[in-house]
Amino acid sequence: MGNESNRYSGIPFLRFGSGEPLVFIHGLGEVKEGWNNQFEFADQYDLIIPDLRGHGEHITNEKITIPNFAHDVINLLKNLNIESAHICGLSMGGMVAQEIYRQAPKMCRSLMLVSTFHFVPKHLANLLLTYRKARSLSNHPRISKHTAARISLNSWNKKTSEEFLNFYKPNHDIFLKSVKACLQVNNLKLLPKIKVPTLIIGGQYDSVIPVWIQLLMHKSIRHSEFVIFRNSGHITKLEAKEAFNRVLRNFLRKHTNVG
């Protein structure tokens, strides 16, 4: 199957490759094309890469919540006649992946949770949301995008930052609603119930979601695997793309049916 850009029920998505279904879910303010360094997985997998509602080409007035993001992806897979898939999510996408497991555990062959979290105490959530609103993207969008790049990336060089900015396209209103949605996540009781193979990835110098949070997730998900990428920030799929892809491929190979 060739590289195809599709839309189903208003959900834009990329689909190409062949093999077991592998879903990549982008992070806050990103677009589906931001997984371009992982397109190589199409050599062994049927890649499905959607734009979450309010992101990229997915224009909508419907409510922004993590459960709704997950519901959209589940419906997309159902309408593609996909019964189960490997689910990989970065940051907010990792929260969506966890929610997909909550809503439809049998649809998850495996989970890959990258630079994400599972719970924020309410008092801290309120503080962070107030801070985000104070640094409103509408005031100086270009400055804010470059600030986001500096916060998200550990290796600050022109090539890496330009690639990040190429696929980081936040919509101010949707961005704030998505931040609020993320801060409402509470999967403390869900993680111990996860029974599918799970890989948790963190970046040593992640200043957005510190790696100790992923360590807590690893301890909560029985039999999960945990990998920390050295000298990497929040966007390991970009900063450590060769090593990131190698780790993902090794994990998937162990949990892919051959023949």
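The values are calculated or read from the model by the stated rules, or taken from the named source; none is laboratory data. Remember, it's a predicted structure, so these values are computed and weren't measured experimentally. Heads up, the Cβs are rebuilt from the backbone with ideal geometry, glycines too, and the neighbour counts pull from every protein chain shown. Heavy atoms of the whole protein, side chains included, go into the accessibility calculation; ligands, DNA and RNA do not. Shrake-Rupley method; radii C 1.70, N 1.55, O 1.52, S 1.80 Å.
Assorted remarks:
- Taken over region 188-203, the residue count meeting the criterion of being in contact with a strand residue (DSSP E or B) (Cβ under 6 Å, 6 or more places away or on another chain) and open to solvent by 10 Å² or more (accessible area, probe 1.4 Å) is 3.
- Restricted to region 172-187, and to residues there that are open to solvent by less than 80 Å² (accessible area, probe 1.4 Å) and either touching a helix residue (DSSP H, G or I) at 6+ places or on another chain (Cβ under 6 Å) or assigned to a loop (DSSP other than H, G, I, E, B) (or both), the residue that is farthest from H234 (Cα to Cα) is N187.
- Taking first residues from region 61-77 that are without any contact (Cβ under 8 Å) to a residue 40 or more places away in the chain and partners that are open to solvent by 40 Å² or more (accessible area, probe 1.4 Å) and in a helix (DSSP H, G or I), the Cβ contacts under 8 Å between residues at least 6 apart in sequence or on separate chains come to E62/N68; P67/Q103; A70/R102; A70/Q103; H71/Q103; I74/Q103.
- Exactly one residue out of L252, L248 is at pLDDT 95 or above and within 16 Å of the chain's Cα centre (by Cα), and it is L248.
- When F229 is tested against the conditions (1) open to solvent by less than 80 Å² (accessible area, probe 1.4 Å); (2) within 16 Å of the chain's Cα centre (by Cα); (3) more than 25 Å from P21 (Cβ to Cβ); (4) in contact (Cβ under 8 Å) with a residue 12 or more places away in the chain, the lone failure is (2).
For every residue, the table says whether it meets (1) part of a strand (DSSP E or B); (2) more than 16 Å from the chain's Cα centre (by Cα); (3) more than 18 Å from L111 (Cα to Cα); (4) modelled with pLDDT of 95 or more.
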| residue | (1), (2), (3), (4) |
| --- | --- |
| V196 | no, yes, no, yes |
| G202 | yes, no, no, yes |
| S207 | no, yes, yes, no |
| I213 | no, no, no, no |
| H218 | no, yes, no, yes |
| H223 | no, yes, no, no |
| H234 | no, no, yes, no |
